[in-house]
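Here the structure comes first, spelled out in structure tokens, and everything after it is commentary.
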């Protein structure tokens with residue numbers, strides 16, 4: 001499986017090349033177009049219980065699409081729902097990424113997706129819920145962000161502070177704690193930041209340049225409310 | 001030859017996400033090489049040069065560090081078999097490091113369990129309290145609901161209900177019910193509700209009240225009652241369910257934690273959404289015996305204050321207890337009608353004697369006006 005990002009920027013697509021017999025799993029509804037050699041299957045990744053736990057716990061889709069080059073090599077065009085960038089990374093069997101629930105777009109057959117329970121305080125305060133996706137295995141992993149995606153590289157013991165609403169994915173070698181943005185609660189709340197994540201390296205953290213929650217709140221003011 | 005990587009190596013000149021490497025253990029120390037054989041000769045680090053700690057998001061990785069400055073390296077071992085092998089191979093001088101790392105993992109897991117255990121325990125305890133009918137929590141939650149919320153909530157369900165029914169807009173029956181309502185509500189001190197009573201065409205011998213002051217009287221009740229005073233007794237009972245906020249209490253009890261959270265969080269729309277889910281069940285909520293008795297007692301007092309003959313209410317219960325229960329649906333889940341009538345007689349005896357004032361309508365004419373209406377099932 002090879003991939004190429006088309007139209008980089010706010011409205012990109014990813015072109016995935018599949019050899020004969022290869023598959024790619026994608027978020028349900030992500031396919032835009034495909035070669036006639038591609039068969040579309042719906043699959044409960046990780047079996048029924050795995051899919052159910054992913055749906056119930058992390059809010060991810062119950063089914064993934066499995067796109068199989070069953071009748072010869074071909075290509076698939078995939079796009080995320082929200083405007084934003086696409087990032088492609090290679091998993092080599094030892095890397096593990098924690099991904100916020102809307103960040104997964106597609107992955108090679110060897111990519112493993114599980115729901116992972118966070119610690120209580122992270123789940124309660126982190127803004128990602130109590131369950132996130134843990135992605136491991138081998139092959140290409142394709143993530144999407146809301147807005148532009150930015151990679152933060154951390155050396156061992158290097159720290160960085162991230163507003164939790166801007167998180168996309170982070171490696172399992174990083175650690176993070178939730179803390180107030182300012183020293184006092186009032187200053188934290190009035191600064192508009194509230195709670196932030198203090199990440200500590202080594203590892204990488206992918207963040208998105210837009211905050212979905214804030215965007216939703218902004219757009220809601222223009223939507224008429226039915227009484 | 002390509003080997004399967006089993007660790008990630010960090011340091012100057014290596015990728016920020018870590019360079020996959022193959023780690024092997026020997027008596028000399030830790031050896032590592034790149035999986036594809038590239039990257040030069042194997043590097044072996046003596047155990048004595050290592051510092052060991054627990055690391056990673058869940059403290060489930062063993063972190064080996066050595067060197068300083070640009071030559072500093074950090075290895076993250078995730079594979080449990082490799083971690084066990086390291087513990088077995090490592091010399092005694094690293095025992096203290098390993099014990100410290102194990103303690104870090106234990107502490108992290110203990111903290112994790114403690115928080116989750118506490119949270120689950122709290123939710124279970126709270127759920128049990130609600131499940132077992134902790135009236136204190138329900139009353140506390142209901143007291144926090146503003147009247148405006150309650151009215152909006154009741155109105156939502158009321159509109160949903162009336163949209164599917166035939167509502168009588170005019171006529172002697174509507175006039176009679178309006179007169180009863182007006183006389184009763186005028187005597188409610190500090191009444192926070194704007195009561196709205198509708199007459200709905202139905203053979204059901206019943207009336208019900210929704211939170212916020214929305215009351216429905218079925219024509220079946222008007223046809224069955226022998227006098228206006230009997231209907232006024234039922235109406236007074238229903239108005240007092242509203243005044244005592246019995247419907248809200250039952251709703252919070254039924255919806256449990258979700259309702260309490262919506263109330264505490266000030267989420268009016270959320271509460272209305274929950275009430276909508278209950279839908280018509282809200283209209284037919286089974287009140288508890290204590291609530292029924294309270295509505296009876298306050299109801300008969302209100303009748304007395306409004307100078308409506310309170311014995312109409314008592315007479316109605318007496319007739320109910322005599323009649324065919326299969327046909328009379330009103331109060332079917334309520335305390336025994338005969339016992340209620342006896343209780344009301346005792347209550348009435350304790351009230352100041354007031355001479356009743358008759359209604360301005362003729363009850364026979366009201367019932368006659370309903371004779372032509374087709375019952376709707």
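Take every DSSP beta bridge whose two residues both sit in chain B, then give the antiparallel share in percent to the nearest 5. Could the numbers behind the result be given before it?
Working: 32 of 37 bridges.
If we restrict to bridges inside chain B, about 85 percent are antiparallel.
At 7 Å along Cα-to-Cβ for each site, give me the label-to-label distance between residue A:41 and residue A:177 in nm.
About 4.7 nm separates the two model spin labels.
Taking 7 Å along the Cα-to-C-beta vector as the label spot, tell me the residue A:6-residue A:112 distance in nanometres, rounded to one decimal.
Between residue A:6 and residue A:112, the label points sit 3.4 nm apart.
Rounded to the nearest 500, what is chain B's calculated 222 nm mean residue ellipticity when only DSSP H runs of at least 4 contribute -39500 (n - 2.57) each, over all residues?
Values: 14 runs with 188 residues, N = 377.
Using -39500 (n - 2.57) per qualifying helix, the result is -16000 deg cm²/dmol.
For chain B, modelled as a GNM with alpha-carbon contacts under 10 angstrom, which of B:230, B:357, B:249 fluctuates the most?
The residue that fluctuates most here is B:357.
Evaluate the distance, in nm, between pseudo-label points positioned 7 Å from the Cα of residue B:104 and of residue B:190 along their respective Cα→Cβ axes.
Placing both labels 7 Å beyond Cα along the Cβ direction yields 6.3 nm.
Return the single residue from B:263, B:83, B:314 with maximal mean-square fluctuation; model: Gaussian network over chain B, springs between Cα atoms under 10 Å.
B:83
For the stretch B:84-177, what percent of Cα pairs sit more than 14 Å apart? Working shown, then result.
Details: 3611 of 4371 pairs.
That fraction is 83 percent.
Rounded if a/c is under 1.5, else prolate if a/b beats b/c, else oblate: with a ≥ b ≥ c from the C-alpha gyration tensor eigenvalues square-rooted, which is the stretch B:179-236? Please list the in-between numbers first.
Details: a/c = 2.80, a/b = 1.54, b/c = 1.82.
Verdict is oblate for the stretch B:179-236.
Can you give the log10 of the normalised intensity I(q)/I(0) at q = 0.22 Å⁻¹, computed with Debye over equal Cα scatterers of the stretch B:149-218?
Evaluating at q = 0.22 Å⁻¹ gives log10 I(q)/I(0) of -1.03.
Relative to the longest principal axis of the C-alpha atoms of chain B, give the angle of the C-alpha long axis of helix B:80-89, reported between 0 and 90° and rounded to the nearest 10°.
With both axes taken from Cα atoms, the answer is about 40 degrees.
If you consider only alpha-carbon coordinates, what radius of gyration and Dmax does the stretch B:1-113 have, in Å?
In order Rg, Dmax, the Cα atoms of the stretch B:1-113 give 14.0, 45 Å.
Would chain B count as rounded, prolate or oblate if I go by the C-alpha gyration tensor, calling it rounded below 1.5 in a/c and otherwise prolate when a/b exceeds b/c, oblate otherwise?
Values: a/c = 4.79, a/b = 3.77, b/c = 1.27.
Here chain B falls in the prolate category.
Percent relative contact order of the stretch B:15-172, based on C-alpha pairs within less than 8 angstrom and at least six residues apart? Provide the component values of the computation, followed by the final result.
Numbers: 124 pairs, mean separation 21.4, N = 158.
Reported relative contact order: 14 percent.
Let me have the relative contact order for chain B, percent, based on Cα pairs under 8 Å that are six or more residues apart.
On the way: 534 pairs, mean separation 50.0, N = 377.
The normalised contact order for chain B reaches 13 percent.
How large is the convex hull of the Cα atoms of the stretch B:141-273 per residue, expressed in Å³ as a whole number?
Details: hull volume 13.9 nm³, N = 133.
Residue-normalised Cα hull volume stands at 104 Å³.
Just to be sure I understand: with springs between alpha-carbon atoms less than 10 Å apart, which residue in B:193, B:214, B:76 has the highest mean-square fluctuation in the Gaussian network model of chain B?
Comparing B:193, B:214, B:76 in the GNM, the peak value goes to B:76.
Which FRET efficiency value, to the nearest 0.05, do you get for residue A:214 and residue B:88 by plugging their Cβ-Cβ distance into 1/(1 + (r/R0)^6) with R0 = 41 Å? Could the numbers behind the result be given before it?
Details: r = 52 Å, r/R0 = 1.26.
The calculated FRET efficiency here is 0.20.
Does the stretch B:1-60 come out rounded, prolate or oblate by the C-alpha gyration tensor, with a ≥ b ≥ c the root eigenvalues, rounded set by a/c under 1.5 and, if not, prolate when a/b is larger than b/c and oblate if not? Could the numbers behind the result be given before it?
Values: a/c = 1.63, a/b = 1.12, b/c = 1.46.
It comes out oblate by the Cα gyration axes.
To the nearest 0.05, what FRET efficiency results for residue A:153 and residue B:95 with a Förster distance of 41 Å applied to their C-beta separation?
E(calc), rounded to 0.05, equals 0.75.
Calculate the length of the line joining the C-alpha centroid of the stretch B:143-183 to that of the stretch B:1-38, in whole Å.
Each part reduced to its Cα centre gives a spacing of 76 Å.
With a cut-off of 8 Å between alpha carbons and a minimum separation of six or more residues, what is the relative contact order of the stretch B:173-259 in percent?
Details: 104 pairs, mean separation 21.7, N = 87.
Relative contact order here is 25 percent.
A short reminder: the numbers here are calculations on the coordinates, not readings from a lab. Just so we're clear, the structure is a prediction, and the values are computed from it rather than from any experiment. Neighbour counts run over all protein chains shown; Cβ positions are idealised from the backbone, glycine included.
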